[in-house]
Amino acid sequence: MSSGSALKVVCVLYDDPVTGIPASYARDGIPALSSYPDGQTLPSPSGIDFTPGQLLGSVSGGLGLEPFLTGRGHQYVVTSDKDGPDSVFERELVDADVVISQPFWPAYLTAERIAKASNLRLAITAGIGSDHVDLQAAIDRSITVAEVTWCNSISVAEHAVMQMLALVRDYIPQYGWVVRGGWNIADAVSRSYDIEGMDVGVVAAGRIGLAVLKRMKPFDVNLHYTDRHRLPAEVEAELGLTYHATVESLVSVCDVVSIHCPLHPETEDMFDDELIGRMKRGSYLVNTARGKICNRDAIVRALESGQLAGYAGDVWFPQPAPNDHPWRAMPGHAMTPHTSGTSLSAQARYAAGVREILECWLDGRPIREEYLIVQGGALAGAGAHSYSEGDATGGSEEAARFTAG
Ligand code: NDP
């Protein structure tokens, strides 16, 4: 949809580093990719006003969009203040035409907020995963929801593999011994195993899940997956995959389970006491998909009882997680804040993808089908394939309890 008039674009990004924007970076650039693994082309805006490899995802970086938007006469508001009724986001939203948000620091677009934003026509996710938007409310109001499919899928797959290994080998406590001073080998290895020979499974074999399976293949593990749609037979054969029609079947045979489905009403609370109870005692669970797919307290109980030997991932609910969120203190975890999909490498791709989506919108050209989640009052594009209608934002107001440490 095009608009000749000046638009107001409100963008919510995470805070700048407490140490300030880096004066220099660890590396001088990022590799140039030719295409994504399935052949999809990388974002192709008419131009970019940033240096790939620099910090773009925090407020000062502004996704590199400022010159482009203001140059075209639009208003561009960037803030990290997103939670609670007195937040900048809540105030600026009222007359916003476009909202840009990130899963890492989600500006929850609940039905209440959407009702207040009468001009809102486009919600862009600078990343992948638009569950922070009440998709049902967006459908009902014919708001277009789009995300940058593929932009950080491999980033997340790499993180998930890292966390599987960190859990099974028990890396984090071993590092702790080094930093504290000591040479406590017996302490350090008393929960450390090899992943070789284990049964490793993914819940959902979409872009990320399949990339995880491919990356785990050389570890000589037995690979399993469940998904709503089965992978082509040749892919199953090449990777030696065992397909499970249900998640219950998958978890009952796996030592390590990694979750890669979107959060939507079908998957919310999937890993509850009942499902975790079907896992082998001492299983490892990695969740880089969305916090709400796992029941918060059931995870804590399972780690405390030993039903789970470890839990890792980088997704929480709400985000930012309050400082008293029990996952910060539970035993046997290797959590990160929501970072897997916002490496400097990923930032360059999602910033360019957001620019591409905006250029299409402003010029009245169609947004790529693969970027669409909701359009014209229905799930569309990638959204029609992977999501179900409804809302998964319930409880997000708790994010206002976070205070920076
Ligand atoms: P894809 O759309 O490529 O894959 C999602 C897969 O999940 C699809 O194969 C889909 O099945 C499957 N699925 C959906 N519902 C179910 C269900 N009920 N049971 C089993 N499988 C299901 O997405 P990506 O792989 O790129 O991303 C997946 C998710 O990862 C995102 O939605 C997001 O939540 C999260 N993510 C996290 C990031 C981070 O920084 N931590 C960054 C990027 C993404 P089918 O299509 O066959 O119906």
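For the reader, a short list of remarks on this structure follows.
- Evaluated over the Cα positions of the range 298-405, the convex hull gives a direction-averaged projected area, one quarter of its surface, of 9.7 nm².
- Protection proxy ranking, peptides 374-380, 211-217, average beta carbon neighbours within 10 Å, highest first: 211-217, 374-380
- Footprinting exposure proxy ranking of Ile373, Ile172, Ile143, Ile48, fewest other C-beta atoms within 10 angstrom first, gives Ile172, Ile48, Ile143, Ile373.
- Stokes-Einstein D (µm²/s) once Rh is taken as the Kirkwood radius of the range 197-322 over alpha-carbon pairs, at 10 °C in 1.306 mPa s: 109
- Listed residues Ser345, Ser130, Ser153, most fluctuating in the chain (Gaussian network, C-alpha, under 10 Å): Ser345
- Where chymotrypsin sites (Phe, Trp or Tyr not before Pro) fall in DSSP loop in the range 103-210, at most 16 other Cβ within 10 Å: Trp183, Tyr193
- Ranked by the mean number of other Cβ atoms within 10 Å of their residues, highest first, the peptides 18-27, 354-363 come out as 354-363, 18-27.
- When the Cα positions of Gly206, Ser101, Trp183 are compared along the charge dipole of the range 97-225, Ser101 comes out farthest toward the positive end, with charges on each C-beta of Lys, Arg, Asp and Glu.
- Once the Cα-Cα distance is subtracted from the 0.36 nm per residue extended length, the Glu398 to Lys217 segment shows a gain of 61.2 nm.
- Enclosing the Cα atoms of the range 224-269 in their convex hull gives a volume equal to 89 cubic angstrom per residue.
- Pairwise label distance in nanometres, Asn119 with Ser60, each label 7 Å out on the Cα-Cβ vector: 2.9
- Extent along principal axes [Cα atoms of the chain; Å; largest to smallest]: 66, 50, 41
- Straight-line cross-link partners of Lys8 among the lysines, defined as a Cα under 27 Å from its Cα and at least 8 positions apart when in the same chain: Lys82, Lys116.
- Rounded to 5, percent antiparallel among DSSP beta bridges of the chain: 10
- For the chain, calculated [θ]222 nm from helices alone, where every DSSP H run of n ≥ 4 adds -39500 (n - 2.57): -8500 deg cm²/dmol
- When each of the peptides 186-192, 71-77 is scored by the mean number of other C-beta atoms lying within 10 Å of its residues, the order from highest to lowest reads 71-77, 186-192.
- Choice from Gln136, Gln102, Gln163 showing the highest fluctuation, given a GNM over the chain with Cα pairs closer than 10 Å: Gln136
- Helix runs (DSSP H) in the chain reaching 27 Å along axis by Cα, Kyte-Doolittle at least -1.0: 344-363
- Charge tally for Val145 (other residues, Cβ to Cβ under 13 Å; Lys, Arg +1; Asp, Glu -1): -4.
- For the range 130-180, fraction of C-alpha pairs farther apart than 16 Å, in %: 64
- Pairwise inverse Cα distances across the range 270-325, averaged and inverted, put the Kirkwood hydrodynamic radius at 11.4 Å.
Values quoted throughout were computed directly from the atomic coordinates according to the rules given, and no laboratory measurement underlies them. Only a predicted model underlies this, so the values are computations on that prediction, with no experimental measurement involved. Note that we place each Cβ from the backbone using ideal geometry, even for glycine, and neighbour counts take in every protein chain shown.
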